[in-house]
Amino acid sequence: LSLRFPEKLWKMLESGKFQSIWWSESGKCVAINKDLFEMEVLGREGQQVFHTQKIRSFMRQLNAYGFTKMQRKFQRSASLPEFLSEEAAASAHSQILYYYNPSFNREHPMLLETCKRR
């Protein structure tokens, strides 16, 4: 029995075996470290989780199941030293992609069955 894409994604998030993908603090978004995800998940030889090795195909799957990419907003400080350190943090954060789907929520696993392909 093959799992649907959202179920595979859920199991991956809940397993804790991957450093490249995790629940956001609220449990309402999926956070993905793009470069690490490509190596750790999509680059796996012989043990592929998803039927692709390309991040664009994976993102298309997310979109097909109603996930939308979220933008992270950073409050900027007025002081130059604080601004520069925040800028460095924001740059590191730019590798992190956040995706949201109202039917994909850590606190409500029963919603998973309503997560359908468009």
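The values are calculated or read from the model by the stated rules, or taken from the named source; none is laboratory data. Here the structure is a predicted model, which is why all the values come from computation and not from measurement. Note: ideal-geometry Cβ built from the backbone for every residue, glycine included; neighbour counts use all protein chains shown. Side chains included, ligands, DNA and RNA excluded: accessible areas come from the protein's heavy atoms. Shrake-Rupley method; radii C 1.70, N 1.55, O 1.52, S 1.80 Å.
Could you tell me which residue of segment 33-65 is modelled with the lowest pLDDT, considering only residues that are polar (S, T, N, Q) and either open to solvent by less than 50 Å² (accessible area, probe 1.4 Å) or part of a helix (DSSP H, G or I) (or both)? My answer is Thr52. Could we say that Val30 is part of a helix (DSSP H, G or I), modelled with pLDDT of 90 or more and among the β-branched types (Val, Ile, Thr) here? Here the answer is no, as Val30 does not meet what is asked.
Selection of first residues in segment 1-24 that are within 16 Å of Arg106 (Cβ to Cβ) and of second residues that are among the basic types (Lys, Arg), restricted to Cβ pairs under 6 Å at least 6 apart or on distinct chains, gives the following pairs, ordered by first then second residue: Trp23/Arg106.
For segment 1-56, the set of residues classified as closer than 16 Å to Ser103 by Cα and touching an Asp or Glu at 6+ places or on another chain (Cβ under 6 Å) consists of Gly27 only. Pairs only if they're at least six apart or on different chains, beta carbon under 6 angstrom, first in segment 98-113 and farther than 13 Å from Leu13 by Cα, second of a type in the set (S, T, N, Q) and open to solvent by less than 70 Å² (accessible area, probe 1.4 Å); list them, first residue then second. Matching pairs, first to second residue: Tyr100/Thr68; Leu111/Ser103; Leu111/Asn105.
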